1. Check which residues have an amide H placed less than 5 Å from LYS118's amide H, if you skip close sequence neighbours.
2. Which number do you get for Rg(Cα) / (2.2 N^0.38 Å) in the stretch 168-311?
3. Note down the nm distance, to one decimal, between modelled labels 7 Å out along Cα→Cβ at SER203 and at GLU168.
4. Can you tell me how much longer the chain between ARG102 and ASP196 gets when fully stretched, taken as 0.36 nm per residue apart minus their C-alpha distance, in nm with one decimal?
5. Determine, at each q value in 0.15, 0.19 (inverse angstroms), the log₁₀ of I(q)/I(0) that the Debye formula gives when each Cα of the stretch 193-262 is one equal point scatterer.
Amino acid sequence: MGRPTRVGPCVGYIGAVTDVLRPTLFDLALDDLPTPVGGPPYRGRQLAEWLYVHGARDLNAMSSLPRAWRAELAATHDVDPFREVRRFPSWDRSVRYLFTLRDGQRTEAVYMPYEGRKTVCVSSMVGCPAGCAFCATGALGFGRNLSRGEIVAQLLAVAWHEGFGPREIRNVVLMGMGEALLNYDAALGAIRTWIDPRGLDLSPRRITLSTVGLPARIRRLAAEKLPLVLAVSLHAPDEVTRRRIIPTAHAHPLDEIVASLHDWQAQGGRRVTIEYTMLAGVNDRLEQARALAQLLVGLRVHVNLIPFNPWPDSGFAATARDGLRAFEAALTGAGVPTSIRFSRGRDTGGACGQLALRDAGGAGDAAASGVGRRAPPSGGPLA
Ligand code: SF4
């Protein structure tokens, strides 16, 4: 694994986890899956079927593959990238997953069984370097990027533990731990495995990628011409408020982010989801709703208002229900489609990072879990 290097308020990374851990089969692009030397090419297709149709997570289960070839594969590749998988079911039927990776670091996913569709929220990193002040993942600090296989396999592990086939998952949101556009190649690689007919054959229209708002990466993603759903975490309609709660806002002003969203849609990108976590007394005044509507003029958007799910020492409080409704009405009254999204699994640590934060306990345990717990800004996040 490469060492993180500072590049402004966010972090860039050299190398990948597969530099020190041997790759898993999920790290390989479908075109690169091995076939036995001198053997028929259909063995590669069979291997893909075992991984992505049957959801096998152990070479011993792949009974139609020659035993000698399975032994060769076992000598060079792992299948399962997770050393331990812990499951935290909620009363609302969602299930939070805490994964311990092969190097001992931890990341999370959430399974959400909505009516008639199975949705999984996955992570792209251990912790997150963006450090948003209201976010439990941001409080963990940054551990490392996940590899392509570690992102891909979160879906396979959830399907396996929930007892259904991996292709039954029809919606994926890259909205868990991490800033996916800072782990661009691995995140895009995972998406390509999910949408490949030999992989999970998932529609790209049912994949949502969430970003804190990195204009250059948004334009790069637009050039991929994939009909993904882009979700942008604005959380404030003005620079002053945004910089109080999102450190990356200093490097990426709102007007640059909005310009990149216009470019996204000019290149054929679909309607953008605007994520807005409602923080009492910080970003929930009605004039801020009107300013947000003004900022979004000319864009096809849907605003998701997210009630803040308090966690210990966050320094923030949730907007009351009346305030949520009034903010929603102000936006819809200004012509901006808006809804309130209540997060699932609130009893099991509803916002991403809360499980890992709780699991990490104190700073010493956090270090053991592979992430450095972020010190709160002096005077607290509201200072
Ligand atoms: Fe990272 Fe998203 Fe949390 Fe910000 S809100 S710290 S980008 S995971």
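Only the coordinates and a few stated rules stand behind these numbers; no lab work does. For clarity, every value in this text was computed on a predicted model and none was experimentally measured. Ideal geometry is used to build each Cβ from the backbone, glycine not excepted, and the neighbour counts take in all protein chains shown.
1. When sequence neighbours closer than 5 places are left aside, the close amide H contacts are ARG170, ASN171.
2. Here the answer is 1.06, to two decimals.
3. Each label point is offset 7 Å from its Cα along the Cβ direction, giving 2.0 nm.
4. My answer for the length gained is 31.2 nm.
5. -0.56, -0.76
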